[in-house]
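Reading through the structure tokens given below for one structure.
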């Protein structure tokens, strides 16, 4: 299976530093994609996101675990330990934290894990599905029935994260996988909340309908900039050829 991908990470129009960090690695017989968003308000968010990506990659490729979901979970937990250790050694990094969404694709399956409110979307048959659930205060209010989906869109505490790398040692990581259908064309979008807070799911579907990944990347970035790009925004788009 031939995979195509593109990624972008930009400083928001109201930010002076880009605390997001993303990368894609061609490893073994698949593709490893990682998106991290250093949490605003914490020190050294840009250090946290970059350290998390490199730690996740190094742990994943060095793991002997055959179960890919186990490898992803172990890699995210290893990155969490690295952030905590780094913060303990350097007072300038005290309190740094980051979200993470990690996707590994081989010829048969997509395997992923995540912590925080960076998201993974799956596009096929002209529809977009959100595969991850935010670990956020607003998502908990929504799950518990205190607010509606409409209330959640503009909630004043929308950016409060309940779970992040660097926050505590006993980190919970959500993991899942899907099997690809034969001859099915698809795209994955991994992104920070600088994308998902500005672009609706329907608008994502409209963009992902195009085949040209460079066109999608440019048009998506243009839309976010036109809406003021209040936060740093980063994304990875991966597609297959059938």
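Numbers below:
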read-out	value
Distance from segment 166-242 to segment 43-84 (C-alpha centre basis), Å	21
Residue-averaged [θ]222 nm for the chain, counting only DSSP H segments that reach four residues, each worth -39500 (n - 2.57)	-10000 deg cm²/dmol
Per-selection Kirkwood Rh - segment 1-86 (Cα, Å, 1 d.p.)	14.0
Whole-number D in µm²/s for segment 167-208 (Stokes-Einstein; Kirkwood sum over Cα pairs; 25 °C, 0.890 mPa s)	179
Relative exposure of 161, 238, judged by other C-beta atoms within 10 Å (fewest first)	238, 161
Sequence of 218, 66 once ranked by neighbouring C-beta atoms within 10 Å, starting from the fewest	66, 218
For Kirkwood radius over Cα pairs in Å, calculated from these coordinates, the label among [x] 25.6; [y] 18.0; [z] 17.4	[y]
Alpha carbon Rg of segment 48-101, scaled by the compact-globule rule 2.2 N^0.38 Å	1.16
Packing-based exposure ordering (other Cβ within 10 Å, fewest first) of 88, 117	88, 117
nm² value of the averaged projected area, convex hull over the Cα atoms of segment 89-140	6.0
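Read-outs throughout are calculated quantities, based only on the coordinates presented, and are distinct from any laboratory measurement. Every value quoted in this text rests on a predicted model; they were computed, and no experiment measured them. Don't worry about glycine lacking a Cβ; one is built from the backbone with ideal geometry, like all the others, and counts go over all protein chains shown.
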